[in-house]
Structure formats: C-alpha cells, structure tokens
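The values are calculated or read from the model by the stated rules, or taken from the named source; none is laboratory data. Computed from a prediction, not measured in an experiment: that's the story for all the values here. Accessible surface areas use protein heavy atoms only, side chains included; no ligands, DNA or RNA. Shrake-Rupley method; radii C 1.70, N 1.55, O 1.52, S 1.80 Å.
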Amino acid sequence: HPLPGIYVCAKCGHELFSSQAKYEHSSPWPAFTETLRGDSVAKREERPGALKVTCGKCGNGLGHEFLNDGPKRGQSRF
C-alpha cells in the first residue's frame, strides 16, 4: 500500500503526487504543483498551452497540465 497522502495511478499503483503538492483552484479536478518523482508522469503537447499527462509507468491517462495556470505566476498546474 502507498504511504498516506500519496496519490497513485488507479490502473497500476505507480506513485504520482504527494498531497503536500495539492492546492485548491476553480476546477473540480484535483491539482498539483509538482510530481512525486521525475518519472511519475509522462507529458506530451496536445494543444498550445495544454499537455496531456499520463502515468509514467503504464501510460494511463491522468488529465492535463495547463501551462502558466498554477497558484503562482508562471507556474503550471497538473
């Protein structure tokens, strides 16, 4: 089992995000400022300003990263 406060891939259990990196925003989806590890997720540009985010281990779709849409100026949102 993963440690408390660790978000994992629903498909394979790969560790993705820490609850410490989660923050509130206007969307109903959870948002994080950073991944747990460098290999937690894979990203590819889907359209300008939006990256498709997938599990770094199994490729399961996790949503999008929106560039320059984070809690601080210039920070991205997962």
Checklist entry - Which of Lys11, Lys52, Lys43 moves most in a GNM of the chain, Cα contacts under 10 Å? => result Lys11
Checklist outcome for this item: Any aspartates and glutamates whose Cα falls less than 20 Å from that of Lys57, other than same-chain ones fewer than 8 residues away, would be Glu15, Glu34, Asp39, Glu45, Glu46, Glu65
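So, with a 1.4 angstrom probe, what is the percent of accessible area on segment 6-66 that is carbon and sulfur?
Details: 1830 of 3760 Å².
Heavy-atom surface of segment 6-66 belonging to carbon and sulfur, 1.4 Å probe: 49 percent.
Please report, in whole Å³, the volume per residue of the convex hull around the C-alpha atoms of the chain. It would help to have the intermediate numbers written out before the result.
Values: hull volume 7.4 nm³, N = 78.
Here the figure is 95 Å³ per residue.
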Checklist entry - Heavy-atom accessible area per residue, the chain, 1.4 Å probe: how many Å²? => result 67 Å²
